[in-house]
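Visitor: My questions all concern the structure below.
The values are calculated or read from the model by the stated rules, or taken from the named source; none is laboratory data. Just so you know, these numbers come straight off a predicted model, no measurement behind them. Cβ atoms come from the backbone with ideal geometry, glycine included; neighbour counts cover every protein chain shown.
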Amino acid sequence: MYNRLAETTLKTGEVMEVGVISAPDDVYAEEIKKFLGHKPGNFKWHIERCVTESLDALGTHFYVGIVDGKIITNIMTVEHLGIGILGHVFTTPEQRRKGACKGVMAHQMDDFRARGGQALYLGTGYDSHPYHIYSSFGFKSVFPESGFMEYYAIEDFDNQYFAPGEVHSKCVEWHDWPQMTALTGLVDGDYLRIVAGGIYGPTNFESGFLQFKHDLETGETYYDAKLLASSSGAIVGMGVITWDRRWRPHTAVLDFFVHPNFWESSTVLLSAINLPDAKVQCYVEGASEGKANALEEAGFHCEATLKNQIQGDGQGMDVLIFAR
């Protein structure tokens, strides 16, 4: 469905119509696919699917600038329950430096807030020209000197969104994409998070989720995966089982990461994960008492310590190997 939002005048004097295409949309499907056809790999996989089919409850919106009936610029958001990721910012080469992108983004941000949006995440080059454009709209680095950026429409977002509450386990769905990015972007909590997904410390999961979801659908990488969700809809934990390629099919690796407010509830996540009939190991940073306690409650024991195995926050960290 297309919704016209406004008109704005470019630096050249041309009038640009600003609108939003909410996917799926049969009318604009081919035009969107062509306009963003340069996007690689799983980004293209998502675009080609979302314009023709509903992807669970994920909301995908293409904010476009139109001149003389043609799309000249685009900003995409994927959203669920007020949490979103902003990406695929692209303007055709001949229309750049005319104010088209900034004109669309101003209306996109207004529309996001008007629809109850709470938080947006994006990735760009630190201290780049786009970085400063996003900064002008209220985005800031998730951690110092990072191009992983966040925007909060409400004060004290993290404390409100991740407030302690009841939890339940669930399977991974498309609409978990932005919520999982809010979780992996946490500055606090364990540094060693998901070894199989390369998640160490605060991490932008924008592209990582797409690889994760694609691998889950093909069934080639993960034995099982589950999420921990709070009663508010926030994703507060994730856990996956993969085979250790060195020892398959005799040894599997369990990865799980839980928000610090929910370690006491992590047994709900662990009990939902289907463990293979094989030895299962889990790597735990030495300082993570919450993770170690959860594993012990689930019947794991510490069988080894790897001294100074990883570097986090500028210092060496021991890694404990728990097994069951």
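Visitor: Considering region 265-323 alone, what residues qualify as being more than 26 Å from the chain's Cα centre (by Cα), of a type in the set (D, E, K, R) and closer than 19 Å to residue 244 by Cβ?
Guide: Correct list: 277, 279, 303.
Visitor: Could you look through region 149-164, keep only residues that are assigned to a loop (DSSP other than H, G, I, E, B) and either among the polar types (S, T, N, Q) or touching a helix residue (DSSP H, G or I) at 6+ places or on another chain (Cβ under 9 Å) (or both), and pick out the one that is modelled with the lowest pLDDT?
Guide: Residues of region 149-164 assigned to a loop (DSSP other than H, G, I, E, B): 153-156, 162-164.
When the remaining residues are screened for being either among the polar types (S, T, N, Q) or touching a helix residue (DSSP H, G or I) at 6+ places or on another chain (Cβ under 9 Å) (or both), the result is 153-154, 162-164.
Working: 153: 96, 154: 92, 162: 96, 163: 95, 164: 95.
Applying the filter and picking the extreme gives 154.
Visitor: Right, here's the next one. Within region 252-264, take every residue that is part of a strand (DSSP E or B) and not acidic (Asp, Glu) and give me the one that is surrounded by the fewest Cβ atoms within 10 Å (Cβ to Cβ). First the steps, then the outcome.
Guide: Taking region 252-264 first, the residues part of a strand (DSSP E or B) are 252-258.
Filter once more, so that each one left must be not acidic (Asp, Glu): 252-254, 256-258.
Working: 252: 21, 253: 18, 254: 26, 256: 24, 257: 24, 258: 27.
The extreme case among them is 253.
Visitor: Okay, next question. Out of the residues in region 74-102 meeting the condition of being among the polar types (S, T, N, Q) and over 24 Å from the mean Cα position of the chain (by Cα), tell me which one is nearest to residue 179 (Cα to Cα). Explain how you work it out, then say what you get.
Guide: Going residue by residue through region 74-102, those that are among the polar types (S, T, N, Q) are 74, 77, 91-92, 95.
The next check asks that each one be over 24 Å from the mean Cα position of the chain (by Cα); those that pass are 92, 95.
Numbers: 92: 31, 95: 34 Å.
Out of the qualifying residues, it is 92.
Visitor: So, one more: Would you confirm, using the coordinates I've provided, whether residue 181 is touching a strand residue (DSSP E or B) at 6+ places or on another chain (Cβ under 8 Å), under 18 Å from residue 85 (Cα atoms) and polar (S, T, N, Q)? Write out each step before concluding.
Guide: Numbers: touching a strand residue (DSSP E or B) at 6+ places or on another chain (Cβ under 8 Å): yes; under 18 Å from residue 85 (Cα atoms): yes; polar (S, T, N, Q): yes.
Spelling it out, residue 181 is indeed touching a strand residue (DSSP E or B) at 6+ places or on another chain (Cβ under 8 Å), under 18 Å from residue 85 (Cα atoms) and polar (S, T, N, Q).
Visitor: Can I ask one more? Taking strands (runs of 3 or more DSSP E) that do not extend beyond region 181-251, which have at least 2 residues that are closer than 28 Å to residue 50 by Cα and in contact with a helix residue (DSSP H, G or I) (Cβ under 6 Å, 6 or more places away or on another chain)? Quick ask: steps written out before the conclusion?
Guide: On the way: elements: 192-194, 222-230, 235-243.
Fully inside region 181-251 and qualifying: 222-230, 235-243.
Visitor: Which condition does residue 39 not pass, out of (1) over 22 Å from residue 120 (Cβ atoms); (2) touching a strand residue (DSSP E or B) at 6+ places or on another chain (Cβ under 8 Å); (3) in contact (Cβ under 8 Å) with a residue 24 or more places away in the chain; (4) of a type in the set (D, E, K, R), if it passes all the others?
Guide: Condition (1) is where residue 39 drops out.
Visitor: Tally up the residues in region 1-26 that are within 17 Å of residue 92 (Cβ to Cβ) and either out of contact with any helix residue (DSSP H, G or I) (no Cβ under 7 Å at 6 or more places or on another chain) or part of a loop (DSSP other than H, G, I, E, B) (or both), please.
Guide: Total satisfying the criteria: 7.
Visitor: Any residue in region 265-282 that is surrounded by fewer than 20 Cβ atoms within 10 Å (Cβ to Cβ) and farther than 26 Å from residue 172 by Cβ?
Guide: No, because not a single residue in region 265-282 is surrounded by fewer than 20 Cβ atoms within 10 Å (Cβ to Cβ) and farther than 26 Å from residue 172 by Cβ.
Visitor: Further question on the same structure: Given the conditions (1) surrounded by fewer than 13 Cβ atoms within 10 Å (Cβ to Cβ); (2) free of Cβ contacts under 8 Å to residues at least 60 places away in the same chain; (3) under 26 Å from residue 265 (Cβ atoms), report the number of the one that residue 157 does not fulfil.
Guide: Residue 157 satisfies all of (1) surrounded by fewer than 13 Cβ atoms within 10 Å (Cβ to Cβ); (2) free of Cβ contacts under 8 Å to residues at least 60 places away in the same chain; (3) under 26 Å from residue 265 (Cβ atoms) except (1).
Visitor: Give the residue that is surrounded by the fewest Cβ atoms within 10 Å (Cβ to Cβ), with candidates limited to residues of region 5-27 that are among the hydrophobic types (A, V, I, L, M, F, W, C) and without any contact (Cβ under 8 Å) to a residue 40 or more places away in the chain.
Guide: At the first step, the residues of region 5-27 found to be among the hydrophobic types (A, V, I, L, M, F, W, C) are 5-6, 10, 15-16, 18, 20-21, 23, 27.
Filter once more, so that each one left must be without any contact (Cβ under 8 Å) to a residue 40 or more places away in the chain: 23, 27.
Details: 23: 24, 27: 10.
Only one residue fits best here, namely 27.
Visitor: Taking into account only those residues within region 267-324 that are free of Cβ contacts under 8 Å to residues at least 40 places away in the same chain and among the β-branched types (Val, Ile, Thr), which is farthest from residue 201 (Cα to Cα)?
Guide: By that ranking, first place goes to 267.
Visitor: Right, another one. Name every residue in region 226-251 that is under 17 Å from residue 181 (Cβ atoms) and surrounded by fewer than 18 Cβ atoms within 10 Å (Cβ to Cβ), in order of residue number.
Guide: Once the filter is applied, which keeps residues that are under 17 Å from residue 181 (Cβ atoms) and surrounded by fewer than 18 Cβ atoms within 10 Å (Cβ to Cβ), region 226-251 yields 232, 233.
Visitor: Also: Working only within region 42-60, note down all residues that are surrounded by 21 or more Cβ atoms within 10 Å (Cβ to Cβ) and either farther than 19 Å from residue 209 by Cα or in contact with a strand residue (DSSP E or B) (Cβ under 7 Å, 6 or more places away or on another chain) (or both).
Guide: Of all residues in region 42-60, those surrounded by 21 or more Cβ atoms within 10 Å (Cβ to Cβ) come to 46-47, 50-51, 60.
Correct list: 50, 60.
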